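The structure appears below as structure tokens.
The values are calculated or read from the model by the stated rules, or taken from the named source; none is laboratory data. What you are looking at is a predicted structure, and each value in this text was computed from that prediction instead of being measured.
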Amino acid sequence: MSAPAGPKQPTLFSIKDQKAVSDQLLPRLPFGFTPRGLHVSEWKIKDWLSTSPTSLKRSSPDFECGGHKWQIHLFPLGLVKARQQEQITPTPKTSIALYIVHSDNCHHSETWKVEADVVVAICNSQTPSIFIKQTYHHQFTPTTPLAGSHDFRRLRDIMLWCT
């Protein structure tokens, strides 16, 4: 009698590989549904952990997917600290906040909506197969133009895995 098969080993892939991201991280669409777009955007940030009040919120350049413009908003030391606009020192419990934002809503009607499956990730710059991610299914509207997390991951995890 042979030993039972163990759990399936995960396949390593680069978070920059659009096909692998689609195949491995995004949900399967029901038969007949076709996505309007698929995009992997890379945003390199220098000195992203600066603690100056002007660096508490970082916004990526616009990128396009599915006929819409998007941005990433990063709060390296957390959303609460960014709202306080003060000089701070990160602690081991500090969590970064990370959001994807529909950034061209001024070009749509008051009732526009975009339903999207989104993967937001931070990767090791030298080894993009080492990454921390979250996935979202969100309906973006004029009143909910962003999806993300105020506690995406603790800063110490990001520093350990992604630098």
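Only one entry of Glu115, Glu110 meets the criterion of being among the acidic types (Asp, Glu) and at pLDDT below 85, and that entry is Glu110. Against the criterion of being of a type in the set (Val, Ile, Thr), modelled with pLDDT under 85 and not in a loop (DSSP other than H, G, I, E, B), Val80 qualifies.
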